[in-house]
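Encoded as structure tokens, the structure appears first; notes follow it.
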Amino acid sequence: MLPHLAPWDEMRAAFRWDIPARFNIATACCDAWAAEDPERVAIVDLSAGRRVWSFAELKDASDRLAGALARRGVGRSDRVAILLAQRAEVIVAHLAAMKLGAVSLPLFALFGPEALAYRLRDSGARAVVSDAGGLARVDGLDLPDLTLRIDVDGWADLLAEAPAEAVDTQADDSAMMIYTSGTTGPPKGVLHAHRFLLGHMPCVETSLEGFPQPGDVAWTPADWAWIGGLMDLAFPALWFGVPLIAKRFARFEPEAAWALMVEERVTCAFLPPTALKMLRRTDPPAGLALRAVMSGGEALGAGLLAWGREALGAPINEIYGQTECNLVMASCAGTQDVVPGALGRAVPGVEVSVRGPDGAEAAEGEICVRGSPATFLGYWGNPEKTAEKWRDGWLRTGDLGRVEGEVIVYVSRDDDIISSAGYRIGPTEIETCLTAHPRVVMSAVVGLPDETRGEAVTAFVVADGGTEGLEAELIDWVRARLSPHMAPRAVRFVAELPMTATGKVQRRALRET
């Protein structure tokens, strides 16, 4: 969408959104390439061995899965959950759902039964696509709307059925729903339209230094269940016809990540801050082909940026966005004077403003956004919360920032989100899980500074009785019921929690202890 990299102000002045009235992510990211260049490499799947998927194969599989879903009652606006780790079948399932005009719902493969039950029940998901392990966790849950379960490792018969043609959708029709981490309340389903893919492009193109370039290959270790892995890189790569590497390590190992990037000649990567910090502890190998790296979720600092330029031979450009409106700010070493610790500048086509409590522009206040097609349609089934997200035509991010010259520096957040190892984690769901333990009277969860993770999930617990052995038990309790990435790294036992006059836990006071 950007013809070439130019000085930032020139790009902003010249850029105009061109959003077609009718648009479908699946046909744009798959079918168009299958018609133009069917043997073009779409995905190199390293999740189990090595399998190269062409766009023709991707189209055929998604067409056939769409047909199978349709014959089993899945149609427009139905939610199709996708509970899988990073592999080609994740993309096949998203494409199939979108071709039916249904709504794809990515879910983290490590979610436990309580986390899954809440999201599947709240969304009213009609179908779930997973593997045997994922389906085993779904079985037994009380999910009256879930009528179809598909095992990707046994779907050969389904894919042998007749294919379905993609339906005609408007750009504003719903396409995908991604749940927030849950901060001041339960996780909320963020509903996005097909146009939201296009809203990501200016940031991707600039932060990856003129993406795409001939010979580009893309990879991220971030799971495709989250907006970062899925929409910061995976779908943009498909849109541009850039080969996408599918490989997520069960546990991030720097040596294995280095080897993958060398062997697959990865040129462009989305690497969360934690991954970068772990890579920095090891020596990069010879043979790297990286030319640009994007990262976001927390400030990287001058030292890490300088290391990237020297060790990777490529700039690390910071990006900013959130599930409700992703990739609205970027740094770009090729066109900006990058300021370490800053969020960068508003991407072409988007306005970003810092506003005070009265809604007026301010030197420090809430970061607000308007103008991006990546803006969500609303919170699923929650019009009140949707309305609270807006003020005077501006989308309120809930993040606080400070204007410094031409950039915005992140200050803090006005909610209690925890940014840990590239994940945005809300405390409420974890607190609810902890309080369900028979020995927990009260709990509060905050993020405390951690050199590697950015923040470490930390629980403060008022316990009933002795606490010997209870810390490990509570960590395992959350790990089993929610997810390993949501489990506290530490549990601190206290006699009481600091409370406001209205009975709310003062998490800020806990963070300062």
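The values are calculated or read from the model by the stated rules, or taken from the named source; none is laboratory data. The shown structure was predicted, so the numbers you read here are calculated from the model rather than taken from an experiment. Using ideal geometry, Cβ is built from the backbone for each residue, glycine included, and neighbour counts are taken over all protein chains shown.
Checking each residue in region 218-236 for being over 19 Å from Asn24 (Cβ atoms), of a type in the set (A, V, I, L, M, F, W, C) and either modelled with pLDDT of 95 or more or out of contact with any Gly (no Cβ under 9 Å at 6 or more places or on another chain) (or both) picks out Ala218, Trp219, Trp224, Ala225, Leu233.
Conditions tested, residue by residue: (1) among the charged types (D, E, K, R); (2) surrounded by 18 or more Cβ atoms within 10 Å (Cβ to Cβ); (3) at pLDDT below 90; (4) in the same structural domain as Ala480 (by TED's automatic domain parsing).
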site: Gly356; (1), (2), (3), (4): no, no, no, no
site: Glu361; (1), (2), (3), (4): yes, no, no, no
site: Tyr379; (1), (2), (3), (4): no, yes, no, no
site: Trp390; (1), (2), (3), (4): no, no, no, no
site: Gly393; (1), (2), (3), (4): no, no, no, no
site: Pro427; (1), (2), (3), (4): no, yes, yes, yes
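Let's see how each residue does on (1) surrounded by fewer than 24 Cβ atoms within 10 Å (Cβ to Cβ); (2) closer than 23 Å to Arg424 by Cβ; (3) of a type in the set (Gly, Ala, Ser); (4) at pLDDT below 95:
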{"residue": "Gly199", "(1), (2), (3), (4)": "no, yes, yes, no"}
{"residue": "Val242", "(1), (2), (3), (4)": "yes, no, no, no"}
{"residue": "Phe252", "(1), (2), (3), (4)": "yes, yes, no, yes"}
{"residue": "Ala259", "(1), (2), (3), (4)": "yes, no, yes, no"}
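Restricted to region 93-193, the set of strands (runs of 3 or more DSSP E) holding at least 3 residues that are of a type outside the set (Gly, Ala, Ser) comprises 103-107, 148-151, 174-179, 189-193. So, of the residues in region 440-455 that are surrounded by fewer than 16 Cβ atoms within 10 Å (Cβ to Cβ) and farther than 16 Å from Thr513 by Cβ, which turns out to be nearest to the chain's Cα centre (by Cα)? Here the answer is Thr452.
Table: residues versus (1) among the hydroxyl-bearing types (Ser, Thr, Tyr); (2) more than 18 Å from Asp153 (Cα to Cα).
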| residue | (1), (2) |
| --- | --- |
| Arg64 | no, no |
| Ala68 | no, no |
| Arg72 | no, yes |
| Arg79 | no, yes |
| Gln86 | no, no |
| Ser104 | yes, yes |
| Glu114 | no, yes |
| Arg119 | no, yes |
| Gly133 | no, no |
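Listed conditions (1) of a type in the set (A, V, I, L, M, F, W, C); (2) closer than 17 Å to Ala166 by Cα; (3) buried (at least 20 other Cβ atoms within 10 Å of the Cβ) are all met by Ala56, apart from (3).
Within region 441-460, being modelled with pLDDT of 95 or more and over 23 Å from Met278 (Cα atoms) holds for Ala459, Phe460. Taken over region 167-178, the criterion of being surrounded by fewer than 21 Cβ atoms within 10 Å (Cβ to Cβ) and among the aliphatic types (A, V, I, L, M) is satisfied by Val167, Ala171. For region 61-84, the criterion of being surrounded by fewer than 24 Cβ atoms within 10 Å (Cβ to Cβ) and free of Cβ contacts under 8 Å to residues at least 40 places away in the same chain is satisfied by at least one residue.
Quick one: which strands (runs of 3 or more DSSP E) lie wholly within region 290-364 and hold at least 3 residues that are in contact with a strand residue (DSSP E or B) (Cβ under 9 Å, 6 or more places away or on another chain) and farther than 19 Å from Tyr423 by Cα?
Answer list for region 290-364: 351-355.
Inside region 13-50, can you point out the residues that are small (Gly, Ala, Ser), surrounded by fewer than 21 Cβ atoms within 10 Å (Cβ to Cβ) and closer than 17 Å to Leu244 by Cα?
Ala28, Ala32, Ser47, Ala48, Gly49
Within region 274-283, the presence of a residue that is surrounded by fewer than 21 Cβ atoms within 10 Å (Cβ to Cβ), touching an Asp or Glu at 6+ places or on another chain (Cβ under 8 Å) and among the hydrophobic types (A, V, I, L, M, F, W, C) is excluded.
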